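Colleague: The structure that follows is given in the form of structure tokens.
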Amino acid sequence: MKISVEVYSARHEPAVSAFNRRMRQANASTDFLLEECSALPQVRPGVTVTRWVAVDEEGHVRGGVMSWDHPGIVGAAVRRVINLQSPLSEGIIDRDYNLVGWHIVKSFLRQTPYVYAVGMGSEDRPFPRMLKAMGWTVGAVPFYFRMIRPARCVRELGPLRKTAWKRVAGAVAAATGAALIGAAVFHRATAQARQAAGQYAAEAVTSWGEWAAGVWSRFAPGVSFGVLRNPETLSFFYPLHDDRLRVWRLKRGDRVEGWFALAISTMRDSAYFGNLRVATLTDCIGSPDAMRSGCMLAVEEARRLGADLLIANQAHQELQDACIGAGWRRGPSNFLLATSKVLTRELKPESSYVTRRDGDGLVHLLTG
């Protein structure tokens, strides 16, 4: 079967609608379908966002994907890196199209050998299974959490509501204050982290400037893989006019040594988060002391914004250590990172900087 991967345009819209109808009629096991309104490639500072469709010889759409094309650190150099998001193939309902996903991925590898994907839910889903079969490396990005309002957390968190006993125990703990006492011990920060937090002030960011370039230039040598966090790309990641994404810079005296960002989401009957207000630490960059401070001060800012729970997925070892030092605790992760064979050879897992802000990692959190 010949499949071409083309930029999605208005001429594809009828075929995309037909693709979605076939998927709905077959009760396809997918959380999303292809957008039925085409959009031209979006070239933004530092990032090109494009939607693509996979088309067979008869002009039928058999799948699609979105890409973020941007510069990133690979090894010790800045390379062209492509992130694949929201891939979908008719192969999940019809075996005749099992290779559509393969054709999509191969089309991007012909553009650059440095291709990756994040999110994906679990390793047993079709897309990560296919990537592993193609020789990619797929693994979970570590997950950390910090309860801010423990009583609400024990009532609302899905894993604590799965059995009657856990529901009763959670209600009792919340009513008696045991949850608060337990959380104070469970989330106790180290003396080093508390000392670091006392040396820094968190200042709300209203614009990206040279201070951000300086923070990144000092942090980047310790990164073996990661999308650039310089002022140009940060204007894409954090436009600073969305109340759901907030940024603070970390100042020690008059010197800016780092910054962190939070995504704020109010859940509605979420299978995992119930009706909690959840803050996600999407980025924390800077000197080791600044990152320790950021993981502490993020708790205070999240509390001020009414969050019940603070979470993060962080790949970089220094940031993982900062989370643990600040009293965060590690939990099971369903946020995956998949890297192409060439990219895998050139990165070091402990110095890869990947968070939920990369790719479509915030979709479920921001939509509740």
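Colleague: Count charges around Y144 for me, please; just the other residues with Cβ under 9 Å from its Cβ, Lys/Arg as +1, Asp/Glu as -1.
Modeller: Once positives and negatives cancel, what remains is +3.
Colleague: Also: How many angstrom lie between the C-alpha centres of segment 99-162 and segment 295-314?
Modeller: 23
Colleague: Looking at the square roots a ≥ b ≥ c of the eigenvalues of the Cα gyration tensor of segment 49-162, which shape do they give, rounded for a/c under 1.5, prolate if a/b is larger than b/c, or oblate?
Modeller: Oblate shape, in that a/c is at least 1.5 and b/c is the bigger or equal ratio.
Colleague: Starting from the residue with the highest accessible area, list K2, K341 in decreasing order, probe 1.4 Å.
Modeller: Final ranking, largest accessible area leading: K2, K341.
Colleague: Can you tell me the length gained on complete extension of the stretch M134 to N334, counting 0.36 nm per residue apart and subtracting the Cα distance?
Modeller: Full extension of this stretch gives 69.9 nm more.
Colleague: Also: According to the square roots a ≥ b ≥ c of the eigenvalues of the Cα gyration tensor, what is the shape class of segment 232-368, taking rounded for a/c under 1.5, prolate for a/b larger than b/c otherwise, and oblate for the remainder?
Modeller: rounded
Colleague: Check each of the GluC sites (Glu not before Pro) in segment 13-58 and keep only those in coil by DSSP with at most 11 other C-beta atoms within 10 angstrom; list them in order.
Modeller: For GluC sites (Glu not before Pro) across segment 13-58 that sit outside H, G, I, E and B with at most 11 neighbouring Cβ atoms in 10 Å, the list reads E57, E58.
Colleague: Would you compute, from DSSP H runs of 4+ residues alone, the mean residue ellipticity of the chain at 222 nm, taking -39500 (n - 2.57) per run and dividing by the full residue count, rounded to the nearest 500?
Modeller: The per-residue figure over the chain is -9500 deg cm²/dmol.
Colleague: Among R255, R246, R44, which one moves the most in a GNM of the chain with springs linking Cα atoms closer than 10 Å?
Modeller: Highest fluctuation of the listed residues: R255.
Colleague: Another question about this same structure. Would you rank I311, I93 by solvent-accessible area, highest first, keeping every protein chain in place and using a 1.4 Å probe?
Modeller: The ordering from most to least exposed comes out as I93, I311.
Colleague: For S340, what is the net charge nearby, where nearby means another residue's Cβ is under 11 Å from its Cβ and Lys, Arg count +1, Asp, Glu -1?
Modeller: So the surrounding residues net to +2.
Colleague: Using a Cα distance threshold of under 28 Å, what count of lysine pairs results for the chain when pairs must be 8 or more residues apart or interchain?
Modeller: Counting lysine pairs in the chain gives 8.
Colleague: Separate question: Two decimals is fine: what is log10 I(q)/I(0) at q = 0.06, 0.09, 0.13 Å⁻¹ for the chain, from a Debye sum with one equal scatterer on every Cα and no solvent?
Modeller: -0.24, -0.55, -1.08
Colleague: Could you check which residue among P142, P231, P41 shows the biggest mean-square fluctuation in a GNM of the chain with a 10 Å Cα cutoff?
Modeller: P41
Colleague: First select every other residue whose beta carbon is under 14 angstrom from the beta carbon of A307; then total the charges, Lys and Arg +1, Asp and Glu -1.
Modeller: +3
Colleague: Grab the alpha carbons of segment 2-52, take their convex hull, and tell me the volume per residue in Å³.
Modeller: Given the Cα convex hull of segment 2-52, per-residue volume reads 110 Å³.
Colleague: To continue, here is another question. Under a GNM of the chain (C-alpha, springs under 10 Å), which listed residue has the highest mean-square fluctuation: R244, R304, R146?
Modeller: Checking each option, the largest mean-square fluctuation is seen for R304.
The values are calculated or read from the model by the stated rules, or taken from the named source; none is laboratory data. Note that the coordinates shown come from a computational prediction; the quantities given were computed from them, not determined experimentally. In this analysis, Cβ positions are derived from the backbone assuming ideal geometry, glycine residues included, and neighbour counts consider all displayed protein chains. In case anyone asks, the SASA skips ligands and DNA or RNA and just uses the protein heavy atoms, side chains included. Shrake-Rupley method; radii C 1.70, N 1.55, O 1.52, S 1.80 Å.
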